[in-house]
Amino acid sequence: EANNKEHILLALCGMSPAVISETIYVLNQSNNCPDSLVVITTTAGKKVLQREFFDSGVWQKLLQNIDKKISFSLNHKHCRILPAEDGNAPDITNTADVENAADFILETLRQFTENPETRITFSIAGGRKSMTASAALCMSLLGRTEDQLCHVLVTPPFEDPRLQPKFYFPCPETIHKTPDGNSIPASTAQLQLSFLPYVRCRYLIQNELQRLPGNYEKIVLAATNKAEAISKPKKLIIDLMQETVIIGDTKIKLQFFSFMLYWMLAERAQKRQKKLHGSLELYENF
């Protein structure tokens, strides 16, 4: 069923957009190519995408090599610019920038996770470390069962920005030159896409998500309160007249002998009596 949904690659991008083309190349190799790409970046990152993907022809060459059509352009639908206090962010350099980025990433992710007809692969290989941390935490808050978090790595020397030309994916006809003058075919590059396990807190705060606005701090607080409530021991009440056990807000009507057994065990626990071992000890005490 998940394979029938629109597959969206959501990707962070800083000044090295190669992590995006590398991720797409590996996803395509595993028959998991995205239908569309949405990039979260800065104003500086958008300029780099324009220059290195579109002006250079790298994006078109990538699509030709994987023989797939992926919906992507530098309009607002596909390229989301991080906000700053006075407009769009050229970079993420201070606490206010990080807080704005967290809110923005959460809201962007929420737009897609609220749609049951989509599934998300979120690449956190690009951008500042603060962006990566915020994105991973946002996925933990909003990610669904079918959504994935990933990071891509490439073997040396292909990660070196001094390589001529720069490496974007293993293009068969491309030969790269290293800074020391050696020639190396792009086809020898090895890419590894790691899928990172993460805790899906969404299912703890489903009701809160339907009410709360897309504010990172509020949703984190809601998840924290829910987790603390779950971790607290439930109050146990034994109603002798009704032969009912009440655990937290749940009432359980038991048959007589089951109720008596539960009452006995609860009373022993309250008095901190030793544990019973084996059916004989249980029978004697019961």
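A short reminder: the numbers here are calculations on the coordinates, not readings from a lab. Since the structure is predicted, the reported quantities are computational estimates derived from the model, not experimental observations. Glycine also receives a Cβ, built like all others from the backbone with ideal geometry; neighbour counts cover every protein chain displayed.
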Inset, instruction - Could you pull the Cα extents of the stretch 98-147 along its three principal axes, largest to smallest, in whole Å? - result: 30, 19, 14
Legend entry - √(5λ) per eigenvalue of the Cα gyration tensor, the stretch 85-174, largest first, Å: 28, 20, 11
Legend entry - All Cα pairs of the stretch 1-122, percent lying beyond 24 Å: 28 percent
Inset, instruction - With everything on Cα atoms, drop me the angle between helix 18-29 and the longest principal axis of the chain, reported from 0 to 90° to the nearest 10. - result: 70 degrees
Inset, instruction - Just round it to a whole percent: the fraction of Cα-Cα distances in the stretch 174-286 exceeding 25 Å. - result: 61 percent
Inset, instruction - State the number of lysine pairs found in the stretch 188-270 whose Cα atoms come within less than 15 Å, restricting to pairs 8 or more positions apart or on distinct chains. - result: 4
Legend entry - Correct option for Rg and Dmax of the Cα atoms in Å [calculated from the coordinates] among [x] 16.7, 47; [y] 26.9, 89; [z] 18.7, 56: [y]
Inset, instruction - Please sort 193-201, 120-128, 179-187 by packing, taking for each peptide the average over its residues of neighbouring beta carbons within 10 angstrom, highest first. - result: 120-128, 193-201, 179-187
Legend entry - With eigenvalues of the C-alpha gyration tensor scaled by 5 and rooted, the stretch 64-108, Å: 29, 10, 10
Inset, instruction - For a quick protection proxy, order the peptides 133-144, 159-170 by their average other-Cβ count within 10 Å, most packed first. - result: 133-144, 159-170
Inset, instruction - Mind ranking 38-48, 93-103 by how tightly packed they are, going by the mean number of other C-beta atoms within 10 angstrom, highest first? - result: 38-48, 93-103
